[in-house]
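Written out below as structure tokens is the structure these notes cover.
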Amino acid sequence: MANPKIPEFKADWKEGEEGRWGMAIDMDLCTGCQACVAACSMENNVPFVGEEMSGYGRQMAWLRVERLWEGEYPEVKMTPFQPVMCQQCGSAPCEPVCPVFATVHSQVEQLNLQVYNRCVGTRYCANNCPYVVRVFNWADYDRPEPLPNQFNPDVTVRRRGVMEKCTFCIQRIHKAEDQAKSEGREVVDGEVAPACAQACPADAIVFGRMDDPESRVSKLSKDGRAVHLLEELGTNPRVAYLKGGSNGNLG
Amino acid sequence: MQKIFELLKKPGIQLALLVVILVMVSGAVGLFYFQTQVPPAQPIQFPHNIHIGLQIQCLYCHPGAWRQASAGLPTQQKCWACHGQLKKYWQPEVPVAQWPVELQKLRGFVESNKPIEWVPVYQVPDFVHFNHRPHIAAGVNCENCHGDMSKKTVATVEETVNMGWCLKCHMERTQDDPEKRIKLIDCGTCHY
Amino acid sequence: MTNKLSRRDFLKLASLGAATSAVLTGCGPASRYVTREPYTKMPEYNYNGQSTYFATTCRECAAGCGLVVRTMQGRALKAEGNKHNPVNLGKTCARGQATLHGMYNPDRVQSPLKQARGNNPTDTDWDTAISIVAEALNNPADTAFLMGLAPDHLFDLVTDLCKAIGAPAPIRYGALGMFEARATLGEASRAVFARPDMLFFDIANADTVISFGANFLETWVSPVAYTRGYSQMRRGPGGKRGRLIQIEPRLSQTAAKADEWLPGAPGSEGLVAVALGKLYAEKKFGSAPTAFEAADINLAAEASGIPLEKLEHLADLLAEAEHPLVIPGGATLAQENGLETAKAILTLNALLDNPGKPGGVYFTPANPLSNKYQRAATANEMAEFIGKMNSGAIKTLFVHGVNPVFELPKSLGFEAALAKVGQVISFATFPDETAMLADYILPDHHGLESWGYQRVVTGTGQSMVSGAQPSVAPFYNTRATADVLLAAATKAGGKAAAALPFKDEVEFIQDKVSVLVGAEGGFYNAADLPAFWALFQQFGGWWKNDSSLGVPPQTANAISKELKVSAAKPEGEGEFHLFVYPSPILAEAGANKPWLQETPDPTTTVMWNSWIEINPVTAEELGVEDDDVVTVESAFGVVEVTVYKYPAIRPDVVAIPFGQGHTAYGRYAENRGVNPANLFGTTTNGAGDLAFAGMKVKIQKTGKKRPLSRLESKLGVYGIGMSEEH
């Protein structure tokens, strides 16, 4: 298979369409410190599942930092830390397989949505996601009192049997858009930062408008170092990874 | 499986199943209209009509509506700002026992310094993120959803608040604006 | 969606017709209408459904990063970085993010407790508590204070109090201070730069950094600030990407980011440093100065296992560099020869002529509240203190902000010495190991519920004090330790009351920071205290606009002094060097936070437990596999721990992270993993820091298995990639 393509199913999606929101992650700068993972979980009411469940691979984080090994001691190397979250594909494999339309594409924000109240937990979407970034609530995870005090009221607390995933912190996007609209302007570059980008101590995660060619993220996504995960599948992901050494272009 | 089919052939079982289904459906329909839309009792039977009659604006007590998600429910501080100095009760001071019953309750809350636990009447489930601000900004008036409060004492639910009701209005108001319609019928606008 | 209904309950309800509406509308059944608990009087800064943000200081470690806590209607929702604070500039680490899990933890101490060394805890009231503290203050000679690593307002208050009543000055200790061998760095600085200061390494402006095991991207001194430095170094001025070379026995998270990782043998770093100095000087100037003249390059290569060509290559890189920098890490200095190694590395910096220059070594700026760098206690000083406890000279021991039973090596015998102390009073917010052995637990507020300030030791060139204020009202019946001490001082009367004439801790803090009112060059300027105080709370502290890093003296002196460096002699018997490092995620006090427990370790991806890293070849020789349990034995203790075959560790070294192995400290920490500090010995280096990295241990197979939860098993390991289902 030279170029295996997922059949096109979304009539209004066109090749090369940039999308509205995007992210660029500089793997040269990412130190694998997990601040993004913790920040995401705190912002999005992600539960913890305990040692046994996480041993089964049921950890609920919407974001994981990947690394692989290359070679053998002493010539051993670790591949650059790579935070992987929902890539918000322009042509998402998770969407056409949902029998109840809980996994739909937002035409306005150009994001993959997970509508919790529609989801019946077939897990088809997770099985069809090439990035393995969807997580499923196998149980109602216990968060003993008073831990629920820190729940973010802007984000739904998911119950058992529901699929969930990174939303690009859509609640923050809405807040910024609402603010901008009430002031009669567009959202400016840098106004919205999802929890991961906001926390990142190395400033490796950049978020912003893809439809604005002048935004930081648009420029980085067109950088020579930018690659997209499993691009050959034709999923049109919105997250760009900058590989190799930096050229000072994040400055 | 075989056993289940055999069981289903018995008329008694069929009848019982029919009864169970009937009970469920009627219960569901009944509760759909009644229970989920009827709020429990309020701590004070607040007379909206009197206050509106006195020309007090909705936004005086629910100031959040025009600039944020939640309209807000007034605290006793706000009530007492007026009621603590009304000539009718204070000049000269009228004994508490002669005050109207609901005002006695208010005074009780103030004197014991306890919060008034208002029951929000228009509720959406927590997977719905409703925001008052854009609705007011779009020219929707309070009474469009909440009914004519000048004719009501305690707030009641005037409309069946469900997604169909939301969408009906969103579609009607965006008939001539396809771009806006996309935004207003997008799942991600309310569900995240 | 929040209410819990099992599917069975749900079906039961549905069949009764009580919840059938849920079937049709798809929303939760019983929770539809709720009563709300509103304010009686809404604070004027608060709007319904709008968040209020409070600037404060993160207390998860002693770095002093600024936080902005998002609150809504009296609940704290999220900790975010304070973008004004010069240490972290709006960023946080994972521990800072999880700080709310400490405050809203179900296992906090909820009220003052009286207990007989952990037995029969009974509630007591604050008046009784205060009179007990007051009584102890009346016998100052027999009283001692043991406090945490952070130089905060409470440390200043206790210092003032002890001085006034004639009690011994408070002692500060923290496991991270031990792992960073801070005293050794200070002593080496005294020898090389004539000032025993905390040093600041300007990674941001360096172009070639050689780090001798400094884990500055994990826990080292001020990790968020140094991570930013690293990020700037990589982006370099004019797009020139800086290089990082890490020399340490195992590939740490920091080494994973290095361009080159060189697995040098533990204890050989000093030899490598002088060898590099000699090679560099010969390349650059033709001959080596006195300090590096005697270096034996072949010996360095042999002892460290780093080939000669590699050393030459490193010297070339240093010679090419415009801004070379060499950093000494904690484990490197925690050897019997640690002080010599530290001197060698600092002298190498002097040879590279970087002190006081961009990309070089600086003294940290003098603090606006105190110009003296007060370092925490070394292992030697702690041993001395424990000796005093053993002699029965201490009648009352106050403990705040530190958990010595867990954080001190068991070999020092703190727990046994505690039995000789007449009365132990703990101010812990959490029922940790030390608090469980106390007679009284008088819980302090959680950091996000309390007032305070913290003198920032390093991480920024701007001289600064980080400010703290409550972001929410105290959740439990806790009381600020400063308030307890102030009330007790008033009750005790005499000198104590005279020295601390403050109504409460806020008045004390205002008194301390009042020296900054009208100070020049600050981020803001206020003419009087009320205005200053408002801005201090609003911005979360006070700092100068310009950098005021100290410039070390002329380097010619340093490089003309002779350096005597030899390979370290390991302590104990055994085949393997033990390498203990603070867990990058948990560090010393993160184990009680469930989300941190479930955050995968960056290099191994293990969650919720401890492991021992063994080179796969060594593991094969030992006949152990992943998830096999082995015993690790030193002359001082034994632990049983699960094997993780780690591809990037020297075959003669085994590594265990520090952070787990609690016997108390709440449900998420208790009886989970092992505490490698139980294996540590008593040997110290020339500066008095524990030589914990110079231990030898024996390893034995037990035949038992205990699987580890690993994220990578979800993703595949050794290059298999994301192929397996989850």
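The values are calculated or read from the model by the stated rules, or taken from the named source; none is laboratory data. Not measured: the values here are computed from a predicted model. Note: ideal-geometry Cβ built from the backbone for every residue, glycine included; neighbour counts use all protein chains shown. In case anyone asks, the SASA skips ligands and DNA or RNA and just uses the protein heavy atoms, side chains included. Shrake-Rupley method; radii C 1.70, N 1.55, O 1.52, S 1.80 Å.
If I compute solvent accessible area with a 1.4 Å probe over the protein chains, what percent of it on region C:52-103 is carbon and sulfur? Walk me through the intermediate numbers first.
Numbers: 610 of 1140 Å².
Its accessible area is 54 percent carbon and sulfur atoms.
What does the buried accessible surface come to for A and B, summed over both chains, with the probe at 1.4 Å? Round to 100 Å². Display every interim value, and only then the final one.
Values: alone 13380 and 14300 Å², together 26160 Å².
Approximately 1500 Å² gets buried when A meets B.
Give me the distance between the Cα centres of region C:89-139 and region C:302-324, rounded to whole Å. Here the two parts' Cα centres lie 51 Å apart.
Before rounding to the nearest 500, sum -39500 (n - 2.57) across all DSSP H runs of length at least 4 in chain C and divide by the residue total; then give [θ] at 222 nm in deg cm²/dmol. Don't skip to the answer; put the middle values down first.
Details: 28 runs with 227 residues, N = 726.
For chain C, the value works out to -8500 deg cm²/dmol.
Per residue of C:98-107, count partner chain C-beta atoms within 10 Å of its C-beta, then hand back the mean as an integer. Walk me through the numbers before you get to the answer.
On the way: counts 5, 2, 4, 7, 0, 4, 9, 3, 5, 1.
If you average over the peptide's residues, the count of other-chain Cβ atoms is 4.
What's the average, rounded to a whole number, of partner chain beta-carbon atoms within 10 Å of each residue's beta-carbon in A:53-60?
Details: counts 3, 11, 9, 4, 10, 3, 9, 1.
Counting other chains' Cβ atoms within 10 Å and averaging over A:53-60 gives 6.
PRE reach from C:ALA519 (point 7 Å along Cα→Cβ): which of region C:449-492 fall under 13 Å by backbone N? It comes to C:453-457, C:462-467, nothing else. Each residue of region A:105-113 was assigned a 3J(HN,Hα) from its phi angle through the Karplus expression (A = 6.51, B = -1.76, C = 1.60, θ = phi - 60°), giving 9, 7, 6, 7, 8, 6, 10, 8, 9 Hz with x at Gly and Pro. Within the shell defined by Cβ-Cβ distances under 11 Å, the residues around A:ASP28 carry a net charge of +4, with Lys and Arg each +1 and Asp and Glu each -1.
With the other protein chains left in place, how much accessible area per residue, in square angstrom, belongs to region C:178-363 at a 1.4 angstrom probe? Please report the intermediate quantities before stating the final value.
Numbers: 4780 Å² over 186 residues.
Per residue, region C:178-363 has an accessible area of 26 Å².
Annotation for region C:484-522 versus region B:80-132: alpha-carbon center distance of 43 Å. Calculated mean residue ellipticity at 222 nm for chain B: -14000 deg cm²/dmol, from DSSP H runs with n ≥ 4 weighted as -39500 (n - 2.57), summed, divided by the residue count and rounded to 500. Could you tell me which of rounded, prolate or oblate describes region C:52-103, using a ≥ b ≥ c as the square roots of the eigenvalues of the alpha-carbon gyration tensor, with rounded for a/c under 1.5 and, failing that, prolate when a/b is larger than b/c and oblate otherwise? Taking the square roots of the gyration eigenvalues as a ≥ b ≥ c, region C:52-103 is oblate. With the charge dipole of the protein assembly as shown set up from +1 on Lys and Arg Cβ and -1 on Asp and Glu Cβ about the Cα centre, the Cα lying farthest toward the positive end among the listed residues C:SER252, B:ILE136, B:CYS82 is that of B:CYS82. Applying the Karplus relation 6.51 cos²θ - 1.76 cosθ + 1.60 with θ = phi - 60° to region A:232-245 yields 3J(HN,Hα) values of 5, 7, x, 7, 6, x, 9, 10, 9, 10, 9, 9, x, x Hz, where x marks Gly and Pro. Contact residues in region B:51-92 by the 50 Å² criterion (accessible area, 1.4 Å probe, full protein complex versus chain alone): B:GLN68, B:THR75, B:GLN77.
Principal-axis analysis of the Cα atoms of chain C puts helix C:223-235 at an angle of about 50° to the longest axis. Can you give the angle from 0 to 90° between the axis of helix B:101-112 and the longest principal axis of chain B, with both taken from C-alpha atoms, to the nearest 10? Between the helix axis and the principal axis of chain B, the angle is about 80 degrees. For a modelled paramagnetic label at B:GLN77, 7 Å from Cα along Cα-to-Cβ, the residues of region B:93-110 in reach, with backbone nitrogen under 16 Å, are B:110. Considering only B:LEU18, B:LEU167, B:LEU59, the Gaussian network model of chain B with Cα springs below 10 Å gives its largest mean-square fluctuation to B:LEU18.
Using a probe of 1.4 angstrom, how much of the accessible area of region C:127-263 is carbon and sulfur, in percent?
The computed percentage sits at 49.
Taking every DSSP beta bridge that has both residues in chain C, what percent is antiparallel when rounded to the nearest 5?
On the way: 49 of 85 bridges.
Expressed as a percentage, antiparallel bridges in chain C total about 60.
Using a basic spin-label model with each label point 7 Å from the Cα along Cα→Cβ, how many nm lie between C:SER391 and B:ALA16? A separation of 8.6 nm, rounded to one decimal place. Axis angle, to the nearest 10 degrees, between helix C:153-165 and the longest C-alpha principal axis of chain C: 90 degrees.
For chain B, the square roots a ≥ b ≥ c of the C-alpha gyration tensor eigenvalues yield an a/c of 1.5 or more together with a/b not exceeding b/c, which makes the shape oblate. The mean count of C-beta atoms from other chains within 10 Å of the C-beta of residues in A:75-88, rounded to a whole number, is 3. The sum of -39500 (n - 2.57) across all DSSP H runs of n ≥ 4, divided by the residue count of chain A, sets its helix-only mean residue ellipticity at 222 nm to -4500 deg cm²/dmol. The separation of region C:201-258 from region C:451-473, counted between C-alpha centres, amounts to 25 Å. For C:LYS698, neighbours were defined as the other residues whose beta-carbon sits under 11 Å from its Cβ, and their charges (Lys and Arg +1, Asp and Glu -1) total -2. Check each residue of region A:167-198 and keep those whose accessible area, probe 1.4 Å, is at least 50 Å² smaller with all protein chains in place than in the chain alone; give them in order of residue number. Residues meeting the cut-off: A:HIS174, A:ASP178, A:GLN198. For chain B, the number of Lys pairs with C-alpha atoms closer than 30 Å, counting only pairs eight or more positions apart or on separate chains, is 23. The residue among C:TRP611, C:ALA519, C:THR332 whose Cα reaches farthest toward the positive pole of the charge dipole of chain C, with charges on the beta-carbon of Lys, Arg, Asp and Glu, is C:ALA519.
Residues with beta-carbon under 12 Å from that of C:GLU312, excluding C:GLU312: net charge, scoring Lys, Arg +1 and Asp, Glu -1?
On the way: positive: C:LYS278, C:LYS283, C:LYS310; negative: C:GLU282, C:GLU309, C:ASP316.
Net charge in that neighbourhood comes out at 0.
Under a 1.4 Å probe, what is the accessible area of region B:52-158 per residue, stated in Å²? The partial results should precede the final answer.
Values: 6160 Å² over 107 residues.
The answer is 58 Å² per residue.
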